Amino acid sequence: MRNTVYWNFKLEILLFAAVIVAAISCLFADWIPTEFLAQYLTESRVSGITNICAIAIGIYMTVVTVIATSVMGISKALLARKMDVQIFAKVIIGVAECIISIFIGTFIEASSSLYFAFYVGISACAMVSFFKFLVTIILLFRSNIQYIISNIDADEEFRSNVIIHLEEIENQTKKI
């Protein structure tokens, strides 16, 4: 089945493989324009990317905490489809990518095309993972809302049936 952790991260795996190929190529040939990347990835831009990754980690942790501490209507369906493992994997991989991006942007000096290849690649992976996580959370929210609506409809139908039966009982007792 295609619901494996690997299948969910094939884009990130391809991006990371491209980064490794680019990094290895940088060792043998200087085909990546280091001057352009150095001008593009200024200190303020790297700081901005680092801040985005830090905010993404905060969002990951907040959503995980809310999901872990609340009982959602859709929880049973999530567990049946093993989506909990997928969400957990998305959080772990996304947080790891963000931490690596923050580490590279903060502690490693931007002095070679190898740095730029790794930083751009891991930052792109982190952003893709975060976007995919947000899409998953939006789909989870939508499913939960649909579940709540169906429960409200079922409750209203049950109440109307109870009222009908109570009226029948009342009519029967008036006859006695």
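The values are calculated or read from the model by the stated rules, or taken from the named source; none is laboratory data. It should be emphasised that the depicted structure is a prediction, and the values quoted were computed from it without experimental measurement. Note: ideal-geometry Cβ built from the backbone for every residue, glycine included; neighbour counts use all protein chains shown.
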Q: Would you be able to tell me the number of residues in the stretch 135-166 that are aliphatic (A, V, I, L, M) and touching a residue at least 40 places away in the same chain (Cβ under 8 Å)?
A: 3
Q: Return only the number of the condition from (1) in contact with a helix residue (DSSP H, G or I) (Cβ under 8 Å, 6 or more places away or on another chain); (2) modelled with pLDDT of 85 or more; (3) of a type in the set (Gly, Ala, Ser); (4) within 21 Å of Phe141 (Cα to Cα) that Ser47 does not satisfy.
A: (4)
Q: Filter the stretch 102-115 down to residues that are in contact (Cβ under 8 Å) with a residue 60 or more places away in the chain and in a helix (DSSP H, G or I) and give me whichever is surrounded by the most Cβ atoms within 10 Å (Cβ to Cβ).
A: Ser113
Q: List the number of the failed condition for Cys53; all other conditions in (1) over 15 Å from Phe103 (Cα atoms); (2) at pLDDT 70 or above hold.
A: (1)
Q.
Condition first: surrounded by fewer than 21 Cβ atoms within 10 Å (Cβ to Cβ) and closer than 14 Å to Thr50 by Cβ. Now tell me which residues in the stretch 87-101 satisfy that.
A. Ile99, Ile100
